[in-house]
């Protein structure tokens, strides 16, 4: 390379160009060992370093374009690279290591950023995944409870509001907690939330607290949330300290209240809800068991009805005359007996509003839907019905050894007592029980 070796100057670097007919031409600097200038046929020019590695292998390294590198900077870089070579380091490997280190740092920084964003994400995002993961194993009511307690709010109200109230819906009771990142939901924050809610709505606060505790337990079992969740944020001790002692519900219709209750319920404008409430009282079934009755579960010919039992999977009970007349009058919109054209599930979801209005209209004390089930069991005693019979109709677990092992009563025996219970309740309410003459083509036994 000595034939093209001259002291580099800015002018010589500018004027140097590739010889005609060659792919590239080289010019070497006499001031810096190994520094060269490569001019390509296409017009580009770069500084290069020609040297020999410790192994004896020749190596040519590109420093950079003359447009980006000044002559002084190129000489400094050539000296730096030569120092590396003299110390036994291959500059190419050194460059690859630098690039790899820079890429590793960039990846690490990006991972930290993503992790920081994940940790700062509101817990409601994990709540949504929790709902989707558990949806298949929950009842429609349980699913609705989770959606209600976590709703964002701010939507236009679809029902009337009291004076001074906002025309937008309020956030769900758990939304203030779920808007926080998971790692910020700790005992102190839950305590403040619980104290506030327990003072206003203790029963709802107790339910919501239980839902939040189940959610946090689910998160603690998931590797993606385990390092963020504080599983003791909803401890049993906290519930005992901040929630009022739970008292047993004893709401129940009394004999003398039956006329007023039936009169108010039968005046409900929605015949499906009216039939649902009366069926709930006259069968003693749980609210979701009644709501989940399909038309295929009702046998009008043999006067029976199959209910999806909460405990045993299913049970078959008598289809009593009055209940049969209620169901036969309902519209058959879909598979559900108590159907709803507006509900996503196609069946009745929330009968409490209309029931509460009916109870208020009748001038009766507060009465829950479950109170109707309690009423059936209590009222059945007026006809001296054996406790085991009413328990089997209602789907209660047997309470004694004899009941558990030896008293599996046939449907005909249950029907005799169930029809008698229904007839007595209707008599107290001033309502006649259907007979064969009243229901042509439908064979029933008149309890009277």
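Readers should treat all values here as calculations from the given coordinates under stated rules, not as data from a laboratory. The shown structure was predicted, so the numbers you read here are calculated from the model rather than taken from an experiment. Note that each Cβ is placed from the backbone with ideal geometry, even for glycine, and that neighbours are counted across all protein chains shown.
Once label points are set 7 Å from the Cα along Cα→Cβ at both residue 383 and residue 427, what is their separation, rounded to one decimal in nm?
In this crude spin-label approximation the distance works out to 0.9 nm.
Please determine, in degrees from 0 to 90 and to the nearest 10, the orientation of helix 91-120 with respect to the longest principal axis defined by the Cα atoms of the chain, where the helix direction is its Cα long axis.
20
What FRET efficiency comes out for residue 304 versus residue 221 if R0 is 41 angstrom and r is the Cβ-Cβ distance? Round to the nearest 0.05.
Working: r = 43 Å, r/R0 = 1.05.
About 0.45, to the nearest 0.05.
Taking Cα atoms, how many degrees apart are the long axis of helix 202-220 and the longest axis of the chain, rounded to 10 and kept between 0 and 90?
So the inclination is approximately 40 degrees.
I'd like to compare 296-309, 379-392, 93-106: which one has the highest average count of other Cβ atoms within 10 Å, and what's the full order after that? Show your work: numbers first, answer last.
Numbers: 296-309: 15.8, 379-392: 17.4, 93-106: 10.6.
The densest-packed peptide leads the list: 379-392, 296-309, 93-106.
For the chain, with a Gaussian network of springs between Cα atoms less than 10 Å apart, report the residue from 295, 28, 127 with the top mean-square fluctuation.
Greatest mean-square fluctuation among the candidates belongs to 28.
For 396, 418, 146, what ranking results if the residue with the fewest other Cβ atoms within 10 Å of its Cβ goes first?
Working: 396 16, 418 28, 146 22.
Ordered from fewest to most neighbouring Cβ atoms within 10 Å, 396, 418, 146 come out as 396, 146, 418.
Given the peptides 273-280, 136-143, 259-266, arrange them by the average over their residues of other C-beta atoms within 10 Å, most packed first.
Values: 273-280: 24.0, 136-143: 12.2, 259-266: 18.9.
Top to bottom by mean Cβ count within 10 Å: 273-280, 259-266, 136-143.
What's the FRET efficiency of residue 53 with residue 111 using the Cβ-Cβ distance as r and R₀ = 30 Å, to the nearest 0.05?
Numbers: r = 36 Å, r/R0 = 1.21.
Computed FRET efficiency for residue 53 and residue 111 comes out at 0.25.
So if R0 is 35 Å, what FRET efficiency would residue 19 and residue 104 give, r being the distance between their Cβ atoms, rounded to the nearest 0.05?
Working: r = 44 Å, r/R0 = 1.25.
With a Förster radius of 35 Å, E is 0.20.
How far apart, in nm, are two points set 7 Å out from the Cα along the Cα-to-Cβ line at residue 120 and at residue 250?
Modelled inter-label distance: 5.5 nm.
Based on the mean of other Cβ atoms within 10 Å per residue, sort peptides 64-74, 174-184 so the most packed one is first.
Details: 64-74: 14.5, 174-184: 18.3.
Ranking the peptides 64-74, 174-184 by packing returns 174-184, 64-74.
Express in nm, to one decimal, how much length is gained between residue 349 and residue 68 on full extension, taking 0.36 nm for each residue of separation and deducting their alpha carbon distance. Present the calculation step by step, with values, prior to reporting the outcome.
Details: separation 281, 0.36 × 281 = 101.16 nm, distance 7.28 nm.
Net length gain for the segment: 93.9 nm.
According to the Cα gyration tensor, what semi-axes, each the square root of 5 times an eigenvalue, does the equivalent ellipsoid of the chain have, listed from largest to smallest in whole Å? Don't skip to the answer; put the middle values down first.
Details: eigenvalues 1471, 115, 94 Å².
With the √(5λ) rule applied to the chain, the semi-axes are 86, 24, 22 Å.
For the stretch 2-89, what is the Kirkwood estimate of the hydrodynamic radius, computed as the reciprocal of the mean inverse distance between distinct Cα atoms, to one decimal in Å? Please list the in-between numbers first.
Numbers: mean 1/r = 0.0754 Å⁻¹.
Answer for the stretch 2-89: a Kirkwood hydrodynamic radius of 13.3 Å.
Relative to the longest principal axis of the chain, what angle (0 to 90°, nearest 10) does the C-alpha long axis of helix 123-134 take?
60
Given labels modelled 7 Å from the Cα in the Cβ direction, how far is it in nm from residue 4 to residue 87?
Inter-label distance under the simple model: 3.2 nm.
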